[in-house]
Amino acid sequence: MNFNELIKTNKNNIKNIIRLITKSENEDLEQEVYIKLWKNSEKYKEQGALKSWVGTIAKNTSKDYLKSAVFRYEKDSTSEEFVLTSIQDKKKSPEGNILALERRQRIIKAIDGLKPKLRETIMLCEIYGYTYEEAAQKLKCPIGTIKSRIYNAKKELADKLEDLL
């Protein structure tokens, strides 16, 4: 496994996962993911997609960070960035809060309106963070079926929620 190539092809994916879970850019976490990839590269078994394995390591590293004392300390600190973020959050208007709530309710309703198999698959992969392989095992179906269901569910949701996009 060429480690430099692994980093180049997965760098954006790792950044996006970290940003999605921690709600911030975090180069230290990125570095930690690369170190874990390097240390565990011999343990990788070519049964699933390499991208899924990298994604799982990035997800777990990000989740561990959120549980850590370092995160809690940074969150409670009075750094300028934290203060600015706090002030911005308090300035949300009641109308903005209502619109956000209505948006969430529409999305939930759209997901609930999916066929049961599509709903179950989209919930596992997009909401609960299962990889396609994990979802396939849980639902006892081929990975291709999972991919097809995800595609169809996203397409249907995009049509139902087109005005929100």
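Figures for the structure shown
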read-out: Boolean, Gly113 is surrounded by 12 or more Cβ atoms within 10 Å (Cβ to Cβ), assigned by TED's automatic domain parsing to the domain that holds Tyr132 and at pLDDT 85 or above; value: yes
read-out: Boolean, Ile143 is within 18 Å of the chain's Cα centre (by Cα) and of a type in the set (A, V, I, L, M); value: no
read-out: Tally of residues being surrounded by fewer than 15 Cβ atoms within 10 Å (Cβ to Cβ) and not aromatic (Phe, Trp, Tyr) across the stretch 133-160; value: 10
read-out: Selection count where residues are outside any helix (DSSP H, G or I) and not small (Gly, Ala, Ser), scope the stretch 123-138; value: 3
read-out: One residue from Asn26, Asn40, Asn60, Asn4 being closer than 17 Å to Thr131 by Cα, modelled with pLDDT of 75 or more and either in the same structural domain as Cys125 (by TED's automatic domain parsing) or not acidic (Asp, Glu) (or both); value: Asn60
read-out: Verdict on Glu32 being free of Cβ contacts under 8 Å to residues at least 60 places away in the same chain and either touching a strand residue (DSSP E or B) at 6+ places or on another chain (Cβ under 8 Å) or over 14 Å from Lys59 (Cα atoms) (or both); value: no
read-out: Residue check, Glu32 in the same structural domain as Asn10 (by TED's automatic domain parsing) and modelled with pLDDT of 85 or more; value: yes
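The values are calculated or read from the model by the stated rules, or taken from the named source; none is laboratory data. Computed from a predicted structure; not experimentally measured. Methodologically, a virtual Cβ is constructed for each residue, glycine included, from the backbone with ideal geometry; neighbour enumeration extends over all protein chains shown.
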